[in-house]
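Have a look at the structure below before the remarks.
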Amino acid sequence: MAARVLVTGASGLLGAHLVAMLSRHYDVVGVDRHPWWGDEPQELLLGDLEAPEFLRKTIAAVSPQMLIHCAALANVDACEQDPARAHASHVLLTKHLVRSVPASCLVVYLSTDGVFQGEAPFMTEEHAPYPRTVYGRSKLQGEREVALATSNHLIVRTNFYGWSSGRKKTAGEWLHRALETKQPVTLFTDFFFTPIYVVDFVERLARLLEHPYRGVIHLAGRDRLSKHAFGLLMAETGGFSAEAVRSGSLDEMTLAAPRPKDMSLSSARFVQLTGMDIPDSRSGLARFLADRHRPLSARFAASATHSPGSV
Ligand SMILES: NC(=O)c1ccc[n+]([C@@H]2O[C@H](COP(=O)([O-])OP(=O)(O)OC[C@H]3O[C@@H](n4cnc5c(N)ncnc54)[C@H](OP(=O)(O)O)[C@@H]3O)[C@@H](O)[C@H]2O)c1
C-alpha cells in the first residue's frame, strides 16, 4: 500500500509541484489556505493550519507516514516587517505540527539558504548557521523544533524558482515578465545564490525520500551566480534582449531586510549520497522556459517517476 504523505503549503510554488509528482507513487493529501490549481485533481484540505482545531482535524484525518512541511511566510521583507507573524508561521506552526504527527512519521522540513551569514561561498551542512534576517532566524528556529521533536527528519535547505499559480509573482516569474516585456530591471552583481528550477528540485527530493539518510541536507543549484548573471543567462537562454538587464549593487539599496551577500549552498552531500547529478544553471533555465505553458502534471520526466521504496 502506498505511504500516506501530507504536504503543507500544497498550493504554493513548491508544494504544488511536490503534490503533482509524489501523488504518482504515494497517497498524497495536500493542505493549504488556497485552493488547488494543478491540472489533475488532488485531495486538498482547505484551511489555516495556525488554527489549532483545523491542525488537529487535519492530522487526525490523514495520520501521515510522511509530513512534508512547505507552508511558510516565504517573503523575506514581510517577515522583517512582522517578526511575530514570522515566528508564528515558522516556529509555532512547525512545533505544533511536528508534535502532533504519529511518532514514526518522517518529517521533511523545507528550509533556506538564508540561515547563513552570507559571507562565504558554497556553505555545507557542516557550517554553523548565523542568520541575519527575521526570515532566516525564524526558519532556523523551525529547524530546531523539528530536530527536537524527532530524529526521523530531513531538513532540506534550498533556493528554487519556477512557475506558480500566479496568485503571487515569484522572483523567477517577475524576471521573465520583465525580459518578455523589455522592462528595465536592475539586478545585483554582488549578491550570489545557487538557484535550482523547482521541477529539478522536486525530482531530486523524491530520490532523497527513498534514501535512509536523516538530518540536514542542502539541495540547490550547481552553479553560484550573481542575480545579474542569472538575469543575463535567462535572457540568453530564452532568446530575449539583455539590454534591459541593468547592473546594480546591494550596497545602493534600502531593503526592509538586510540581505546576506552570498547565499550559495554546496549540494555535494546530496550528490554523494544519491549519485544524482544537479543540472547546470543553463539546463535548469532551459527547462523552466520550456515548461511555461505545460500543465503542472506534464513537467516531470518519465524517468524521474519510478517507484519509491518504503518511507
Ligand atoms: N521560494 C524559495 O526560493 C525558497 C527558498 C528557500 C526555502 N523555501 C521554503 O520552501 C517552502 C515553500 O516555499 P514556496 O516558495 O513554495 O512558498 P509559497 O509559494 O508562499 O507557498 C506556501 C503556501 O503555504 C500557504 N500557507 C502558509 N501558511 C499557512 C497556514 N498556516 N495554513 C495553510 N496554508 C499556509 C501559503 O499561503 P499564503 O500565501 O496565504 O501564506 C502558500 O500557499 C517554504 O517553507 C519556504 O520557506 C523557499
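The values are calculated or read from the model by the stated rules, or taken from the named source; none is laboratory data. All figures in this text were calculated on a predicted structure; none of them were measured in a lab. Here Cβ is always computed from backbone atoms with ideal geometry, including for glycine, and neighbour counts include all displayed protein chains.
Computed quantities for the displayed model
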| read-out | value |
| --- | --- |
| Pair list, Cβ under 7 Å, 6 or more apart: segment 42-53 residue among the acidic types (Asp, Glu), other residue near the ligand (Cβ under 10 Å from one of its atoms) and assigned to a loop (DSSP other than H, G, I, E, B) | Asp48/Arg33 |
| Segment 278-292: number of residues that are part of a loop (DSSP other than H, G, I, E, B) and in contact with a Ser or Thr (Cβ under 9 Å, 6 or more places away or on another chain) | 1 |
| Residue tally, condition within 13 Å of the ligand (Cβ to nearest atom) and out of contact with any Lys or Arg (no Cβ under 7 Å at 6 or more places or on another chain), over segment 124-134 | 2 |
| Check on Val91, under 16 Å from the mean Cα position of the chain (by Cα), within 14 Å of the ligand (Cβ to nearest atom) and in contact (Cβ under 8 Å) with a residue 40 or more places away in the chain | no |
| Condition met for Leu179 (assigned to a helix (DSSP H, G or I), aliphatic (A, V, I, L, M) and within 16 Å of the ligand (Cβ to nearest atom)) | no |
| Ala3 vs. criteria within 14 Å of the ligand (Cβ to nearest atom), small (Gly, Ala, Ser) and crowded, with 16+ Cβ neighbours inside 10 Å | no |
| Qualifying positions in segment 118-132 - modelled with pLDDT of 95 or more and either crowded, with 21+ Cβ neighbours inside 10 Å or in contact with a Phe, Trp or Tyr (Cβ under 8 Å, 6 or more places away or on another chain) (or both) | Pro121, Met123, His127, Pro129, Tyr130, Pro131 |
| Inter-residue pairs, beta-carbon under 6 Å, first within 7 Å of the ligand (Cβ to nearest atom) and in segment 143-171, second assigned to a loop (DSSP other than H, G, I, E, B) and not polar (S, T, N, Q), 6+ apart | Thr158/Leu219; Thr158/Ala220; Asn159/Pro195; Asn159/Ala220; Tyr161/Pro195 |
| Check on Arg137, within 13 Å of the ligand (Cβ to nearest atom), at pLDDT 95 or above and out of contact with any strand residue (DSSP E or B) (no Cβ under 8 Å at 6 or more places or on another chain) | yes |
| Per-region count, segment 161-180, residues surrounded by fewer than 18 Cβ atoms within 10 Å (Cβ to Cβ) and of a type in the set (A, V, I, L, M, F, W, C) | 2 |
| Residue that is farthest from Leu205 (Cα to Cα) [pool: residues in segment 44-68 that are more than 21 Å from the chain's Cα centre (by Cα) and charged (D, E, K, R)] | Glu53 |
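Matching residues to (1) within 10 Å of the ligand (Cβ to nearest atom); (2) among the hydrophobic types (A, V, I, L, M, F, W, C); (3) buried (at least 23 other Cβ atoms within 10 Å of the Cβ):
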| site | (1), (2), (3) |
| --- | --- |
| Leu13 | yes, yes, no |
| Leu22 | no, yes, yes |
| Asp32 | yes, no, yes |
| Glu43 | no, no, no |
| Asp48 | yes, no, no |
| Ala51 | yes, yes, no |
| Leu55 | yes, yes, no |
| Ala60 | no, yes, no |
| Ala71 | yes, yes, yes |
